[in-house]
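Data first, discussion second: the structure below is written as structure tokens.
The values are calculated or read from the model by the stated rules, or taken from the named source; none is laboratory data. In this text, all values refer to a predicted model and were calculated from it rather than measured experimentally. With ideal geometry, Cβ positions are generated from the backbone for all residues, glycine too; neighbour counts draw on all protein chains shown.
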Amino acid sequence: RTRLAADIGKKGAEREFSGLGNCLVKIFKSDGLMGLYRGFNVSVQGIIIYRAAYFGFFDTAKGMLPDPKNTPIVISWLIAQTVTTVSGIISYPFDTVSRRMMMQSG
């Protein structure tokens, strides 16, 4: 998906792939089955880091409130937005490495 999306930005004659099927076949022929999954391990690590940070920060922030069970919805929403942003920033390098690995061939 990443290589096909990067290929779309090129002009017609410069494109490496003519469609999804052609992209899959060319990657499989050049890199084998592992070429289709390049970057998957790093992507999974990033997802694990994101979810761990999200749940850890959210539970910690909610636990710091004086009465977590009776927290106004606006406060819960602000905590969730802050935690989502911070977790995304923490896990973003993993996404970048994963996409770089997906773009490599050979």
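Number of residues in segment 29-55 that are of a type outside the set (A, V, I, L, M, F, W, C) and touching a residue at least 40 places away in the same chain (Cβ under 8 Å): the value is 9. Among the residues making up segment 37-62, those that are in a helix (DSSP H, G or I) and out of contact with any helix residue (DSSP H, G or I) (no Cβ under 6 Å at 6 or more places or on another chain) are PHE40, ASN41, VAL44, ILE47, ILE48, ARG51, ALA52, PHE55, GLY56, ASP59, THR60.
Note on segment 68-100: residues that are at pLDDT 90 or above and not in a helix (DSSP H, G or I) amount to 1.
Against the test of being β-branched (Val, Ile, Thr) and farther than 20 Å from ALA6 by Cα, the options VAL83, VAL97 yield a single qualifying residue, VAL83. Taking SER105, is it polar (S, T, N, Q), modelled with pLDDT under 90 and part of a loop (DSSP other than H, G, I, E, B)? Considered against the rule, which asks whether it is polar (S, T, N, Q), modelled with pLDDT under 90 and part of a loop (DSSP other than H, G, I, E, B), SER105 comes out as yes. Residues that are of a type in the set (A, V, I, L, M) and within 29 Å of GLY88 (Cβ to Cβ) were ranked within segment 29-43; the one that is surrounded by the fewest Cβ atoms within 10 Å (Cβ to Cβ) is MET34.
Of the residues making up segment 56-76, not a single one is without any contact (Cβ under 8 Å) to a residue 40 or more places away in the chain, under 30 Å from ASP7 (Cα atoms) and among the β-branched types (Val, Ile, Thr). Being under 19 Å from ARG99 (Cβ atoms), modelled with pLDDT of 85 or more and either among the hydroxyl-bearing types (Ser, Thr, Tyr) or within 14 Å of the chain's Cα centre (by Cα) (or both) is not true of GLY39. The set of residues in segment 63-104 being touching a helix residue (DSSP H, G or I) at 6+ places or on another chain (Cβ under 6 Å) and among the small types (Gly, Ala, Ser) consists of SER87, SER91, SER98. The number of residues in segment 81-102 that are among the polar types (S, T, N, Q), surrounded by 13 or more Cβ atoms within 10 Å (Cβ to Cβ) and free of Cβ contacts under 8 Å to residues at least 40 places away in the same chain comes to 3. Residues in segment 44-67 that are surrounded by 13 or more Cβ atoms within 10 Å (Cβ to Cβ) and more than 17 Å from ILE89 (Cβ to Cβ): LYS62, LEU65. All but one of (1) surrounded by 14 or more Cβ atoms within 10 Å (Cβ to Cβ); (2) without any contact (Cβ under 8 Å) to a residue 12 or more places away in the chain; (3) over 27 Å from MET103 (Cβ atoms); (4) of a type outside the set (Asp, Glu) hold for LYS26; which doesn't? Going through the list (1) surrounded by 14 or more Cβ atoms within 10 Å (Cβ to Cβ); (2) without any contact (Cβ under 8 Å) to a residue 12 or more places away in the chain; (3) over 27 Å from MET103 (Cβ atoms); (4) of a type outside the set (Asp, Glu), LYS26 breaks only (3).
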